[in-house]
Amino acid sequence: MMFSINDLKLSLPDMTQKPLFGPAPQIDILKGISFDIPKGCVLGIVGGSGSGKSTLARAMMRLLEPTSGSILFDGMDITHTSEEELRGMRQRFQMIFQDPMSSLNPRRKVGGIIAGPMRLHGMDRTKERVNEALDLVGLPQSFSQRYPHELSGGQRQRVGIARAIALRPEFILADEIVSGLDVSSQAQVLNLLAKLVKELGLTLAFISHDLSVIRRLCDRVIVLHQGLIVEEAESQILFESPQASYTKELLAAIPLPDPDQIWDA
Amino acid sequence: MRDAQKEMRRPLGLRLWLSGGWLFALAVGAILAPLIAPHNPLAQDLFAARLPPFWDAKAEPGFWLGTDSLGRDVLSRILYGSRLALFVALVAGTLTCAVGATLGMIAGYYRGWPDRIISRFVDIWMAFPPVLFAILLIAVLGTGIVSIIIAIVIIDWTRFARVIRAEALGQSAMDYVASAKIAGRTKFSTMLTEIFPNVLPSIIALLTLEMGISVIIEAILSFVNLSISTDSPTWGGMISEGRTSVHQAWWVLVFPLITLFLTVLSFSQLGEGLKDRFDPVLR
Ligand SMILES: Nc1ncnc2c1ncn2[C@@H]1O[C@H](COP(=O)(O)OP(=O)(O)O)[C@@H](O)[C@H]1O
Ligand SMILES: [Mg+2]
């Protein structure tokens, strides 16, 4: 297994309810989540806004400390591993963020953004590797001299992808990476991701609030609702015969009559 | 479209040229004062007292901006005065910035107890009225350049700490910081390589502003005779002396005032100009 999540719970202090004195009350955001991601699998994680998808993503990446439960990466328990110990293996699991305006340092050039993590992990030939990564995501090599704000939304997101794949990770987590894009850039970025998963043999967790985006890309899907998994199924089965009423609602909300349509655009 | 944006982003930079030009000229004047000052700034000549500036019919050649009531050359005194003013601006501004920005960045980025300690200090510090604080400090430290600089650093570091803390706090919430952690960057390295470049424009803007403020503080202290104890010329001292004879010889007051004003204005505009010119991000 690439990832094994077992009864993961996560609570955060609710600062809006904090009394004048004393600690803020905790709100339970993840309420006991268990699932596995086998090696080579493309797992879709769907759920409405506020269902806890990003929180789950950040817990898996060890950006947030889980309250209880366990996270196993490639058989190793990383639930409470110290940051120092984790550092050596961070190269193996990477994340692509929803908003590249926030996840790309606005005052660093694209080349530096992609090369930075590689240098940290002692990779050589960073310049060539940056160019390779740009090639892989379909950006001209000259873009390494540009700042993020000099790119379009779709191009920025490709930089985010390039930064993640440049480390040659085994696992990538993509959190709503096409939500901010127009429909045609969405299709292009999704096609690119599908291609990279095949070419690089990646294991991928793909988070989205939009089932139509999940359908073609993912082998399995888990449906998240208010911090709990309400349904887990093979992608095809989920779309043909959804069980949970929440899944049916999500399916009904797909705007396009034919969800495959955007893929041919 | 994108090229048009680029064109717009790099205006002529008139602000930068004017403010930088004035400060550069002043710096050259200060450094070369012994060579280019037409007269000894301390030399008194009661027969040449209160000579008007060069355009006046009663002006004497060589005394471009006139003389004061003791017959000392105003231009030479301004040039020599700029040595102290610029030295204090540079040294006090840089030190204040280094102390305040470092503490602010640590507080905003590390949060937790470093933030609680630093923020508490800032709150307490800000409760002191600054001018009173300065005079008190000078009274304790004694007069002299070093005392002035120490006083400025002690009083004004909070300005940097407050602003840079807020900036660093905002930047820390950005996903590029999370991304650096996922890439395995240490906290300290993230602060230097990711946060710092993003708070640098604010630091530069505050730094030049602080240099202007240092000039004013030095002038105020000279004005109330708390600056340096020797009789070497200061702008504040000139303004103070010129004030008493403003009806007979306005130029003794007005020329140092204009110099002070232009210098402070230039410092504050320099920061904005540098940002327009060099910050890659358009805000
Ligand atoms: N730092 C936080 N403090 C308190 N509550 C939070 C915090 N971050 C997220 N939440 C809450 O947790 C819930 C799940 O958020 P999130 O994981 O971002 O959902 P999603 O990504 O599925 O839209 C939301 O109700 C949100 O308000
Ligand atoms: Mg989210």
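Output the pairs from A:Lys127/A:Lys195; A:Lys195/B:Lys187; A:Lys31/A:Lys195; A:Lys53/B:Lys181; B:Lys187/B:Lys275; A:Lys18/A:Lys248 with a Cα-Cα distance over 30 Å in this structure; if there are none, say none.
Values: A:Lys127/A:Lys195 23 Å; A:Lys195/B:Lys187 34 Å; A:Lys31/A:Lys195 34 Å; A:Lys53/B:Lys181 19 Å; B:Lys187/B:Lys275 27 Å; A:Lys18/A:Lys248 37 Å.
Those over the limit are A:Lys195/B:Lys187; A:Lys31/A:Lys195; A:Lys18/A:Lys248.
What percent do you get for the relative contact order of the stretch A:112-265 when only Cα pairs under 8 Å and 6+ apart count? Please report the intermediate quantities before stating the final value.
Working: 154 pairs, mean separation 26.6, N = 154.
Across the stretch A:112-265, relative contact order equals 17 percent.
Below 8 Å between Cα atoms, with a sequence gap of 6+, how large is the relative contact order for the stretch A:40-165 in percent? List each step's numbers first, then the result.
On the way: 108 pairs, mean separation 29.0, N = 126.
It rounds to 23 percent for the stretch A:40-165.
Starting from the 7 Å offset along Cα-to-Cβ, what nm value, one decimal, do you get for the label separation of B:Phe47 and B:Glu60?
Label at B:Phe47, label at B:Glu60, 0.8 nm between them.
Under DSSP H, which helices of chain B have Cα atoms covering 18 Å or more of the helix axis and a Kyte-Doolittle average no less than 1.6? Don't skip to the answer; put the middle values down first.
Details: long enough: B:14-31 (25 Å, 1.53); B:74-110 (52 Å, 1.40); B:112-126 (21 Å, 0.12); B:145-172 (38 Å, 1.24); B:196-223 (39 Å, 1.72); B:250-278 (41 Å, 0.99).
Sorted by number, the helices that extend far enough and score high enough are B:196-223.
Is chain B rounded, prolate or oblate when judged by the Cα gyration tensor, a ≥ b ≥ c being the square roots of its eigenvalues, rounded requiring a/c under 1.5 and prolate requiring a/b larger than b/c?
On the way: a/c = 3.35, a/b = 1.77, b/c = 1.89.
Oblate is the answer for chain B, as a/c is 1.5 or above yet b/c matches or exceeds a/b.
Please arrange B:Ile36, B:Ile145 by counting, for each residue, the other beta carbons lying within 10 Å of its beta carbon, fewest first.
The most exposed by this proxy come first: B:Ile36, B:Ile145.
Given H placed on each backbone N at 1.01 Å, which residues far from A:Ile45 in sequence or on other chains put an amide H within less than 5 Å of it?
Placed amide hydrogens put A:Phe206, A:Ile207, A:Ser208, A:Ile222 under 5 Å from A:Ile45.
Suppose we keep just the DSSP beta bridges with both residues in the protein assembly as shown; what percent of those would be antiparallel, to 5?
On the way: 23 of 42 bridges.
The antiparallel proportion sits near 55 percent.
Assuming R0 = 22 Å, can you tell me the calculated FRET efficiency for the pair B:Leu32 and B:Leu262, based on Cβ-Cβ distance, to the nearest 0.05? List each step's numbers first, then the result.
Working: r = 19 Å, r/R0 = 0.85.
So, using R0 = 22 Å, E works out to roughly 0.70.
With r defined as the distance between the Cβ atoms of A:Arg168 and A:Thr81 and R0 fixed at 25 Å, what FRET efficiency is calculated, to the nearest 0.05?
On the way: r = 21 Å, r/R0 = 0.86.
With R0 = 25 Å, the Cβ-Cβ based efficiency is 0.70.
For chain A, what does the helix formula give at 222 nm: sum of -39500 (n - 2.57) over DSSP H segments with n ≥ 4, over the residue count, nearest 500 deg cm²/dmol? Can you show the working numbers first?
On the way: 11 runs with 96 residues, N = 265.
Result for chain A: -10000 deg cm²/dmol, rounded to the nearest 500.
Can you tell me the Rg and the Dmax, both Å, for the Cα atoms in the protein assembly as shown?
In order Rg, Dmax, the Cα atoms of the protein assembly as shown give 31.7, 108 Å.
Sequence gap at least 6, Cα distance under 8 Å: using those rules, report the relative contact order of chain B to the nearest whole percent. Intermediate values should be presented prior to the final figure.
Numbers: 409 pairs, mean separation 73.4, N = 283.
It rounds to 26 percent for chain B.
Neighbour counts of other C-beta atoms within 10 Å: give me B:Asp73, A:Asp74 arranged from fewest to most.
The fewest-first ordering by Cβ neighbours comes to A:Asp74, B:Asp73.
Ignoring everything except DSSP H segments at least 4 long, calculate the 222 nm mean residue ellipticity for chain B; use -39,500 (n - 2.57) per segment, divide by total residues, nearest 500.
Values: 12 runs with 201 residues, N = 283.
Only helices count here, giving -24000 deg cm²/dmol.
Which whole-angstrom value gives the distance between the alpha carbon centres of the stretch A:191-216 and the stretch A:70-140?
Each part's Cα centre sits 18 Å from the other's.
Please order A:Ile45, A:Ile229 by the number of other Cβ within 10 Å, starting at the fewest. Show your work: numbers first, answer last.
On the way: A:Ile45 29, A:Ile229 21.
Lowest count first: A:Ile229, A:Ile45.
Please list, in order, the residues from the stretch B:227-254 whose amide nitrogen is less than 20 Å from a point placed 7 Å along the Cα→Cβ vector of B:Ala139.
B:227-229
From the Cα gyration tensor of chain A, with a ≥ b ≥ c the square roots of its eigenvalues, which class applies: rounded if a/c is under 1.5, or else prolate if a/b is larger than b/c, or else oblate?
Numbers: a/c = 1.56, a/b = 1.16, b/c = 1.34.
Taking the square roots of the gyration eigenvalues as a ≥ b ≥ c, chain A is oblate.
All of the numbers you see were taken from the coordinates with simple rules; none came from a lab. From a predicted model like this one, the values you see are computed outputs, not experimental measurements. Note: ideal-geometry Cβ built from the backbone for every residue, glycine included; neighbour counts use all protein chains shown.
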